[in-house]
């Protein structure tokens, strides 16, 4: 009888796992990218680029990126903060969003302070110091919307540092909540698991 109960227990674990996996598509599926032209494939339309020295090579680059097509946040003067900004609309106040993108260190001096940052409405929610190499790195963080719009800004040479940065593949997606049906199914699976566990 005990082996029969153990078998039921194993089956309940399999069923619970299957239920969890059936909910994953709902958790990962969200509305489209709210950032306009975050991949910079052909230009930098949709973005406001400030404090970038174009004559020194800063601004939009069609031949470089991850893949090619990027913005080079660069100004020879360390007193400037080169920034690429975009107003993000259609946000739902109180909802959770994930912001992500790629960055690569460019020119600069060996300073350990944070030199690259991503802000919403002027508040930096992600900051990092210059990587030790020239690889592309990914950033990702969560943001709870305070209103129906927010100004997304990516900035180099912050905190008085001199490091420039390339940016690419900027995205912002809503994090969907699981549906009520999915929660009911998952809850039922947990109850089955608990009951069979107690019988062992």
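The values are calculated or read from the model by the stated rules, or taken from the named source; none is laboratory data. Small disclaimer: the values here were computed from a predicted structure and weren't measured. We place every Cβ from the backbone using ideal geometry, glycine too, and count neighbours over all the protein chains shown.
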Checked the range 123-171 for anything in a strand (DSSP E or B) and farther than 21 Å from residue 33 by Cα; matches are 123, 127, 128, 156, 165
Looking at the range 97-120 only, could you name the residues that are at pLDDT 95 or above, over 18 Å from residue 71 (Cα atoms) and surrounded by 15 or more Cβ atoms within 10 Å (Cβ to Cβ)?
97, 114, 120
Within the range 46-67, restricting to residues that are without any contact (Cβ under 8 Å) to a residue 24 or more places away in the chain and assigned to a strand (DSSP E or B), the one that is surrounded by the fewest Cβ atoms within 10 Å (Cβ to Cβ) is 63
Residue by residue through the range 68-111, note down the ones that are closer than 14 Å to residue 136 by Cβ and part of a loop (DSSP other than H, G, I, E, B).
106
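Given the criteria in the same structural domain as residue 129 (by TED's automatic domain parsing), at pLDDT 90 or above and touching a strand residue (DSSP E or B) at 6+ places or on another chain (Cβ under 9 Å), does residue 148 qualify?
Here the answer is no, as residue 148 does not meet what is asked.
Residue under question is residue 38, and the condition is that it be in contact with a strand residue (DSSP E or B) (Cβ under 9 Å, 6 or more places away or on another chain), modelled with pLDDT of 95 or more and assigned to a loop (DSSP other than H, G, I, E, B); does it hold? Spell out the reasoning first.
Details: in contact with a strand residue (DSSP E or B) (Cβ under 9 Å, 6 or more places away or on another chain): yes; modelled with pLDDT of 95 or more: yes; assigned to a loop (DSSP other than H, G, I, E, B): yes.
Yes, satisfied.
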